[in-house]
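Scroll down for the structure; my scribbles are underneath it.
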Amino acid sequence: MTSERANQSRWNGQPGFFEIWFLVVFDASTRRAWWLRYTTFAPAPEQASAARATLWAAAFSVDEPPVAAKAIFPASAYATDHERFGVHVGPAVLTNGTCRGEVASNGHEIAWDLRFPPAARAAEHGPWLLHHLPLPTRVAHANHDVSCQGWVSVDGRRVALDGARATQKHIWGTRRVEELLWLYCPQFAAEPGARFEATSVRVQRRRLAPRLAPIWLRSRERTFDWSGLGSVFRNRVVPTGLGRVEVRAVSATSALVGSGWCEPRSLVGYVYRDPAGWDVYVAQSDVASCALERFERRHPLAAWRSAGRLTAEHGAALEFHAPEPLPGVSYLAWDAV
């Protein structure tokens, strides 16, 4: 699927539906990152609230507290271009190659004007079968690994960007997932061309509900894809403390052990609402760290041997979704700005 098609809007005004486009941008030279999000939300018919569009932004720095801002618009302030992908939320615009907007709230202002060469095709990081099942939430890795030019301004301080790594995704559905962990790293210290992503999703937090955990790594040697149907049930992406996750993946001849972590004070918290009316708490840091060790063996009965380590300090995204808040994290309420 082309990245253009992967980004096309799926909402036609029907109730009980949400849609999200987000871009995370990492600037290694300044140890900063930004999270920009364009969303629509239509409550289920039995809910009393009205449909809305929302613009979200967060700025992260290793040396400063994070800054979060949010603006809520009526659904009439949302528009989409159907011939070529483009969404408008108030004055903000996202296309398959540009991202512009500004949002001011809570005493802060974040503005951005970015451009990136779009990927030819959306990345596939999951079992092909999932694309053919009637799942309540879907994701498209529309522009999985791109580089940004332009600028971002936080409270009047502008940072110019030239080649900043970024990832852009599109999410839509009729029901939010109740539990999700996400670790994404766009480059590593000893191997700038390496890329890593690990996700764990549980649609409903109930007894015997499965966790699906696709894990993907591109190194200088080759790409390791632990996202087949069998792998996503064997893999592990689990929390091991406040702001920490552990990652494990294994196949017949390759394995991966790793971790991601962030300072709890670097987490920005938002409350998301499901169309049915219940809330999920989302906390994210985009100046997290990541360490991986890869193992190989010549055949399934051979002993494992270390095949290399990768580390990234303050250059990864780490996200936690759950029905309850993380202790000590401040969350911006659903109706707050």
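Observations, loosely collected:
- Taking Cβ atoms as reference points and 9 Å as the exclusive limit, the residues near Gln187 contribute a net charge of +1, counting Lys and Arg as +1 and Asp and Glu as -1.
- Normalised per residue, the volume of the convex hull around the Cα set of the range 14-115 (Å³): 109 Å³
- Alpha carbon Rg of the range 149-251, scaled by the compact-globule rule 2.2 N^0.38 Å: 1.31
- Sorting the Cα pairs of the range 247-337 by distance into bins of 10 Å, from 0 upward, gives 16, 31, 24, 19, 10, 1 percent per bin.
- The largest-to-smallest principal axis extents of the Cα set in the range 3-332 are 62, 44, 43 Å.
- Residues Arg273, Arg234, ranked from the fewest to the most other C-beta atoms within 10 Å, line up as Arg234, Arg273.
- Positive minus negative residues near Ser3 (Lys, Arg vs Asp, Glu; Cβ under 13 Å): +1
- Contour excess over end-to-end distance, with Cα ends at Arg244 and Ala336 and 0.36 nm allotted per residue: 30.4 nm
- Computed helical MRE - 222 nm, the chain, DSSP H runs ≥ 4 contributing -39500 (n - 2.57), nearest 500: -500 deg cm²/dmol
- Ascending count of other beta-carbon atoms within 10 Å, so fewest first, for Thr199, Thr2: Thr2, Thr199
- Label-point separation in nm, Leu301 to Trp151, each point 7 Å along Cα→Cβ: 6.6 nm
- The label point for His131 and the one for Ala160, both projected 7 Å from the Cα toward the Cβ, are 4.1 nm apart.
Every number here is computed from the coordinates shown, using simple stated rules; none is lab data. All values reported here derive from a predicted model rather than from experimental measurement. A quick note on method: Cβ atoms are made from the backbone with ideal geometry, for glycine too, and the neighbour counts reach across all protein chains shown.
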